[in-house]
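Visitor: Here it is, the structure, as structure tokens.
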Amino acid sequence: MHLWPCCFGGPATHPLPVLRRRAQRCLRGIFGAAALAAVCLTSAPAAFPVTAVGMPPKRPPTDAAVVWFRKCLRLHDNAALVEAVEVAPQHVCPVFVIDPHFAPGSVGVNRFAFLLESLRDLDCQLRKRYGSRLLVLRGKPETVFGSLLQTGEPVLKGKPRLLMWERDTEPYARKRDAAVEKLAEENGVEVRTFAGHTLYDPEEAIKANKGKVPNAMPAMVALAKLLGDPPMPLKTPAKLPSLPVGVPARVDKAFSVPSLEEMGYDPPPEKSSFPGGESAGLLRLSEKLKDSAYICGFQKPKTRSTAFNPPSTTGLSPYLKFGCVSARHFFYGLKNVYARKKHSQPPESLLGQLYFREIAYLQGFSVPNFERQAGNPACKPIPWGKNPKLLAAWEQGRTGFPFIDAAMRQLTRVGWLHHLARHAVACFLCRGDLWLSWEQGRDVFDKYLLDADWSINTMNWLALSGAAPWSPPFFRVYNPAPKMDSALNVQDPEGNYIREFVPELSKMPKEYIYTPWTAPLEVQKAAKCIIGKDYPRPVVDHAKVSAENIARFKRALSETKATGAKGSSGASSRSAKRPRKA
């Protein structure tokens, strides 16, 4: 029977002794003196000094909403932030938690640097627009929120009233979020979650499609037609309730964005051409949208795989991955440029690229064990080999095939690759040459890519391995020494891309730049690059192993058919229904 907070102004406005005296006077008048003692003994709120032995007294709740930033590292089109403003608590606390799950061993320096830059940009915008700050906490989210939702520590003087975030469909995130939701429920804190990382809410999209999950562009176009245009992006709030008194002064010492060095990283090898943050992402998008000829004429397969500074594509993928730029904001930007103009269509168009992203998220949300071969109905059971030396040579860009090595070194040095270069190195690792599992390649990409996205990365690796229903024919493999007219769209006869990322070959004549092992010894000496000494010989004979691998793949499919085991398209959703507010 906790009458005192509502009757007497609550702990935020009056000292506890004053509240106690007022409560006692009121209760004496209502119940009489005899009943007063019983009421005080049996129904005293936790803030009164009646506590169990050895238990710390509970703190009264704070009229605050915590907005938990995760992938949605932006102010525009941020449903959780908009909701926090509309609920109108006394305080709003923007929070980001640096999770040790994403540590130096699993995340490359370029992506972590992009994340930290994005957090600094978010903090700067909160400060300029609202006089607020981003509160960066460290630790396992379950531990951090275990304290915050119980006592308010280390930010508040009492638990918050609300916790809000944008939903994440990755398996790790869903498990993490379920644990935090449980903590909130146990502590009486309301949780509100929202869709927003994709054009459509995955759960609602699959439900509208009667449980069917698209795995190809025609099905996705049909689903988009069924659903209609995605919701309009939300406007950036004009105002934001303040942080609690005393918190802003503590930010720089207690809650600031750490440096790379603090997080255990050495500085990246060079300055990135992809600065992190909403400000940089919106600027890049704005500049691209100004070029209507580029937007309307964009055809992804015709972009150059060897263009790196600047790339031949938009370069927006890292900003979409971290949610620095809203996919819906991008969609409506494209729609405005497309209006009353002839333009390319999916799958080649930029709209098609957003639709491919939706397909990946819908597949990742619905297909069991999407991230691995075992137990994955969307993956054929292929008996991939194991060879740590070949895997290391591929990861380090030491395969002896200059185009493959340039791409892998670009990946580790810069953190970005054109999609056709990704195709080339993925095919080389799996069915094309090395016969190693796509899971190993996916993990390497997941470590180094700026735009490493669990759903998209997995879907692409499944495709290029030949093991998925949406894979190209397994017998079509890329030549790791591509011709200028190949599907890899190299268009670099001088080999400038290779010279940039494989400097050992910088003086090799263009006639041998893609196949340096064919250069006469005197040419190698003149180029100061002896093959087998200064640069490795090819680790495999492509013509020989690619033919062997095609036969292996065909044999594996025959054996699978004979035993009755088969993959599926993941056409049915397994997504568990759960109550949540949107």
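Visitor: Counting Lys and Arg as +1 and Asp and Glu as -1, each charge on the Cβ, what is the dipole of the chain about the Cα centre in debye, to the nearest 20?
Guide: 1120
Visitor: Next question, about the same structure. Please find the FRET efficiency linking ALA543 to LYS341, where r is the Cβ-Cβ separation and R0 is fixed at 56 Å, and quote it to the nearest 0.05.
Guide: Efficiency, from the Cβ-Cβ distance: 0.75.
Visitor: Oh, and also: Using DSSP to define loop residues, name the trypsin sites (Lys or Arg not before Pro) in the range 173-267 whose beta-carbon has at most 11 other beta-carbon atoms within 10 Å.
Guide: Values: sites: ARG174, LYS175, ARG176, LYS182, ARG192, LYS207, LYS210, LYS212, LYS225, LYS235, LYS239, ARG250, LYS253; in loops: LYS210, LYS235, LYS239.
When the trypsin sites (Lys or Arg not before Pro) of the range 173-267 are filtered for loop state and at most 11 Cβ neighbours within 10 Å, LYS210, LYS235, LYS239 remain.
Visitor: For the range 225-240 and the range 375-397, what is the separation of their C-alpha centers, rounded to whole Å?
Guide: What the calculation gives is 41 Å, centre to centre.
Visitor: Positive end of the dipole of the chain, charges at C-beta (+1 Lys, Arg; -1 Asp, Glu), about the Cα centre: which of HIS343, PRO241, LEU285 has its Cα farthest in that direction?
Guide: PRO241
Visitor: Let's test the formula: R0 of 25 Å, r as the Cβ-Cβ distance of ASN496 and ASN387. What FRET efficiency results, to the nearest 0.05? List each step's numbers first, then the result.
Guide: Details: r = 32 Å, r/R0 = 1.27.
With R0 = 25 Å, the Cβ-Cβ based efficiency is 0.20.
Visitor: Can you give the relative contact order of the chain as a percent, counting alpha carbon pairs under 8 Å and 6+ residues apart?
Guide: Result for the chain is 16 percent.
Visitor: Helix by helix through the chain, keep the DSSP H runs that span 20 Å or more along the axis on Cα and average at least -0.5 on Kyte-Doolittle, and give those back in order.
Guide: The qualifying helices are 16-31, 109-130, 350-366.
Visitor: Out of (1) 1.15; (2) 1.01; (3) 0.95, which label holds the value of Cα Rg over 2.2 N^0.38 Å that was computed here?
Guide: After the calculation, the listed value that fits is (1).
Visitor: Place +1 on the Cβ of every Lys and Arg and -1 on the Cβ of every Asp and Glu in the chain, take the dipole about the Cα centre, and give the residue among PHE401, ALA113, TRP517 whose Cα lies farthest towards its positive end.
Guide: Projecting each Cα onto the dipole axis, the largest value belongs to ALA113.
Visitor: Kindly work out what percent of the DSSP beta bridges joining two residues of the chain are antiparallel, to the nearest 5.
Guide: Working: 2 of 23 bridges.
Bridges in the chain that DSSP calls antiparallel: roughly 10 percent.
Visitor: Of GLY415, GLY315, LEU149, which is farthest on the positive side of the dipole of the chain, counting Cα position, with +1 on Lys and Arg Cβ, -1 on Asp and Glu Cβ, and the Cα centre as origin?
Guide: The Cα lying farthest towards the positive end belongs to LEU149.
Visitor: A further question follows. Tell me the GluC sites (Glu not before Pro) within the range 446-515 that lie in a loop according to DSSP and have at most 12 other beta-carbon atoms within 10 Å.
Guide: In loop regions of the range 446-515 (DSSP not H, G, I, E or B), the sparsely surrounded GluC sites (Glu not before Pro) are GLU494.
Visitor: Between GLN90 and THR563, take the C-beta separation as r, use R0 = 56 Å, and let me know the FRET efficiency to the nearest 0.05.
Guide: Efficiency at R0 = 56 Å is approximately 0.30.
Visitor: Okay, moving on. I'd like the distance between the alpha-carbon centres of the range 173-203 and the range 433-471, rounded to an integer number of Å.
Guide: When both Cα centres are located, 28 Å separates them.
Visitor: Right, next: Please state the charge dipole magnitude for the range 251-406, taken about the Cα centre, from unit charges on C-beta atoms (+1 on K and R, -1 on D and E), reported in debye and rounded to the nearest 20.
Guide: Dipole magnitude for the range 251-406 comes out near 820 debye.
Visitor: To the nearest 500 deg cm²/dmol, what mean residue ellipticity at 222 nm is calculated for the chain from DSSP H runs of n ≥ 4 alone, each contributing -39,500 (n - 2.57), summed and divided by the residues?
Guide: On the way: 22 runs with 245 residues, N = 582.
Here the helix-only value at 222 nm equals -13000 deg cm²/dmol.
Visitor: Report the extension gain between GLU270 and TYR332 in nm, rounded to one decimal, defined as 0.36 nm multiplied by the number of residues separating them, less their alpha carbon distance. Present the calculation step by step, with values, prior to reporting the outcome.
Guide: On the way: separation 62, 0.36 × 62 = 22.32 nm, distance 3.42 nm.
Taking GLU270 through TYR332 to full extension adds about 18.9 nm, to one decimal.
Visitor: Which of the trypsin sites (Lys or Arg not before Pro) found in the range 388-479 are in a DSSP loop and have at most 14 neighbouring Cβ atoms, other than their own, within 10 Å?
Guide: Filter output for the range 388-479: ARG476.
Visitor: Please give the contour-minus-distance gain from THR236 to LYS554: 0.36 nm per residue of separation, less the Cα-Cα distance, rounded to one decimal in nm.
Guide: 109.1 nm
Visitor: Please list 529-535, 60-66, 512-518 highest first by mean number of surrounding beta-carbon atoms within 10 Å per residue.
Guide: Peptide ranking by packing, descending: 60-66, 512-518, 529-535.
Visitor: Carbon and sulfur atoms: what percent of the 1.4 Å accessible area of the chain do they account for?
Guide: In the chain, the share of accessible area belonging to carbon and sulfur is 57 percent.
The values are calculated or read from the model by the stated rules, or taken from the named source; none is laboratory data. A quick note: this is a predicted structure, and the numbers were derived from the prediction, not measured. Note: ideal-geometry Cβ built from the backbone for every residue, glycine included; neighbour counts use all protein chains shown. We work out accessible area using only protein heavy atoms, side chains counted, and drop any ligands, DNA or RNA first. Shrake-Rupley method; radii C 1.70, N 1.55, O 1.52, S 1.80 Å.
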